[in-house]
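Below is one structure, written out as structure tokens; the observations come after it.
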Amino acid sequence: MMKNVIAIVGPTAVGKSEVSLVLAKKIGAEIISGDAFQFYEGMNIGTAKLTIKEQRDIPHHLLDIIEPECPFSVADYQRIVRKKIHALRDKDVYPLIVGGSGLYVQSVLYDYVFVGKQRDKGRFRDMTAEQMAMLLERKNKTLAQKTHPNDKKRLKRSLEVADARDKKQLKRGKNLYYDDAKIYALTMERKELYERINKRVDQMIVKGLVDEARKFYERCPDARSMQAIGYKEFFPYFEGKKDLEDAVEAIKKHSRHFAKRQLTWFRNKMDPIWFDAGEMSADAIAEAIAEDIKKSDA
């Protein structure tokens, strides 16, 4: 019998990673990231990416697959993850998607169809710097003002970023793409969740988030990846417009607001089985999920 496609979703800092690690060990699953910024190489602290040691010898997929400068769309994610799911099921392994990026996870599990002309990433190859600068000016004036008109490498990168920011047409599906998909969501009392978020941000600062953010600010400030919470808030600090304390507080505030939006998304856009991570341990939740999966396999 083919293995179920499993997803564990929920707001930031709710404890998805710990539950997924316990569950993966119990049922023999491999984990696929459902976080929109863990795809980017080197963006580790700010995205709460698990270290190799923290992954506990469980295979993790979709981590560090692209450079932060590179565009990466929901359509790209859907295509890569569905291919990965097929490969895992072929070798009799449960695919376990774990993350809080609702649209990304939903695009895989539901019958989302992306329409519209796909762009050729090599189309800038034969353009002169002047032609590229003129095109960038038409596409995105803000990026054009920040990009030197004679720097072809930077112009190409900015044009790709501008393309990535264009809204893709999307036919939103309401039905599951995988009939056997099992979706589980974690939640907890709002006050406790916000306290966990604040504490995690403080821990990120101790681990070196400021230096990590500065590195990418100097390297690719205009990239889509730099819109991630935990990075963009430092830009005013690096520019001398705000102090560090203000930047850290902004990360906490934006993270709390994001968590609220995540919970709303999963309640309104998906139909998961909910677990209260404030009332149940990671082991207990993983055990309950494993039992539910066994019932569907029976």
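Pairing residues of segment 52-72 that are farther than 30 Å from Lys26 by Cβ with residues that are modelled with pLDDT under 95 and hydroxyl-bearing (Ser, Thr, Tyr), at Cβ distances under 7 Å and at least 6 apart in sequence or on separate chains, gives Pro68/Ser225.
Does segment 276-283 include one or more residues that are part of a helix (DSSP H, G or I) and out of contact with any Cys (no Cβ under 8 Å at 6 or more places or on another chain)? Within segment 276-283, one or more residues are part of a helix (DSSP H, G or I) and out of contact with any Cys (no Cβ under 8 Å at 6 or more places or on another chain).
Suppose the filter is touching an Asp or Glu at 6+ places or on another chain (Cβ under 8 Å), surrounded by fewer than 23 Cβ atoms within 10 Å (Cβ to Cβ) and under 19 Å from Tyr184 (Cα atoms); does Asn4 pass it? It is true that Asn4 is touching an Asp or Glu at 6+ places or on another chain (Cβ under 8 Å), surrounded by fewer than 23 Cβ atoms within 10 Å (Cβ to Cβ) and under 19 Å from Tyr184 (Cα atoms).
Can you tell me which residue is farthest from the chain's Cα centre (by Cα) among those in segment 43-91 that are more than 27 Å from Leu155 (Cα to Cα), in a helix (DSSP H, G or I) and not basic (Lys, Arg)? The selected residue is Asp90. Of the set (1) surrounded by fewer than 21 Cβ atoms within 10 Å (Cβ to Cβ); (2) in contact (Cβ under 8 Å) with a residue 60 or more places away in the chain; (3) hydrophobic (A, V, I, L, M, F, W, C); (4) over 22 Å from Leu96 (Cβ atoms), all apply to Trp274 but (4). At least 2 residues being buried (at least 21 other Cβ atoms within 10 Å of the Cβ) is the threshold, and among the helices (runs of 4 or more DSSP H) wholly inside segment 171-249 those reaching it are 190-207, 209-219.
Scanning segment 44-96 for residues that are touching a Lys or Arg at 6+ places or on another chain (Cβ under 8 Å), within 24 Å of Gln203 (Cβ to Cβ) and among the β-branched types (Val, Ile, Thr) yields Ile45, Ile58. Looking across segment 264-281, just one residue is modelled with pLDDT under 95 and aliphatic (A, V, I, L, M), and that is Met270. Looking across segment 106-132 at every residue that is part of a loop (DSSP other than H, G, I, E, B) and modelled with pLDDT of 85 or more, the one that is surrounded by the fewest Cβ atoms within 10 Å (Cβ to Cβ) is identified as Thr128.
The values are calculated or read from the model by the stated rules, or taken from the named source; none is laboratory data. Just so we're clear, the structure is a prediction, and the values are computed from it rather than from any experiment. When we count neighbours, we look across all protein chains shown, and the Cβ atoms used for this are built from the backbone with ideal geometry, even at glycine.
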